[in-house]
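The values are calculated or read from the model by the stated rules, or taken from the named source; none is laboratory data. Keep in mind the model is a prediction, meaning the values are calculated, not measured. Positions of Cβ are backbone-derived with ideal geometry, glycine not excepted, and every protein chain shown enters the neighbour counts.
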């Protein structure tokens, strides 16, 4: 790890950060202006159409809906979607890649590549899904051990029919955020799960009672070997886990199965400059802190497992 804190990392970046911030502000302002203007145009057009239609029925509503969609599509083109996509790509290439290089050795970052779903399945996070999307794949090493991570959107889509035979589609999100698989080198010959999800039941019959009241209040720990689990979950590792949760209130899950660790951060879409209304600097700081946590806890666990009699 080259830089311990975000301020030091950000001030030492080669990229002209002020230009990036200014461009983001201009694009954000343009998006907001076009959005509100589009709503106003749609409202006026709908009023004019409805005023001219004598009888409102499904046959009159459908054309209105089509017109509204057409207006919205045109507005997106006007608002500079191409500019936004290009800016986001530049942001990943110039900024995100440098941020990841701060924590990942031998980094290979491929924004348009996804994580295969079978690796996500290995984590046994639970939940049936039939929609899976992934991008922002990267791999490399931490302390000489392989790490692969990506942004995931995992959903279940179900279709239902009402008594009149009308079909509706419901989509529930199972996981949306950063997912990773990390090799720990040495197997713990058991399973351990640290989770914010109180419905998580992978090892529900082996819930571990923790010494720290604050930690147990925030997380559930499940294991099939309580002795190994207590040796691994040292007080400083518990403090690191509590610190990242307290700062960002992100629900996350850590599962260790033999010699692999799986991490799931429910962050929503990662590495997208327009994923929130926050400025690129604020967004980047959050990503930086998450990767710093992953780097720190991985190194500690690798060292602890190596020193533990298993």
Query raised in the report: For the subset of region 117-146 comprising residues that are touching a helix residue (DSSP H, G or I) at 6+ places or on another chain (Cβ under 7 Å) and at pLDDT 95 or above, which member is surrounded by the fewest Cβ atoms within 10 Å (Cβ to Cβ)?
Result: 132
Report task. Tell me which residues, restricted to region 145-185, are in contact (Cβ under 8 Å) with a residue 24 or more places away in the chain and either closer than 15 Å to residue 260 by Cβ or not in a strand (DSSP E or B) (or both). Result -> 145, 146, 147, 148, 149, 179, 180, 181, 182, 183, 184, 185
Query raised in the report: Of all residues in region 1-22 being at pLDDT 70 or above and closer than 17 Å to residue 283 by Cα, which is nearest to the chain's Cα centre (by Cα)?
Result: 6
Query raised in the report: Somewhere in region 284-301, is a residue over 19 Å from the mean Cα position of the chain (by Cα), touching a residue at least 40 places away in the same chain (Cβ under 8 Å) and surrounded by 20 or more Cβ atoms within 10 Å (Cβ to Cβ)?
Result: yes
Query - Search result, residues across region 223-250 that are crowded, with 17+ Cβ neighbours inside 10 Å and not in a strand (DSSP E or B) - result: 225, 228, 229, 232, 233, 237, 238, 241, 244, 245, 250
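Please pick out the residue among 291, 270 that is part of a loop (DSSP other than H, G, I, E, B) and in the same structural domain as residue 229 (by TED's automatic domain parsing).
Unique residue meeting the criteria: 270.
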Report summary line: residue 203: passes all of (1) touching a strand residue (DSSP E or B) at 6+ places or on another chain (Cβ under 6 Å); (2) at pLDDT below 90; (3) within 29 Å of residue 99 (Cα to Cα) but (3)
Report summary line: Over region 251-267, the set of residues within 13 Å of the chain's Cα centre (by Cα) and in a loop (DSSP other than H, G, I, E, B) is 251, 266, 267
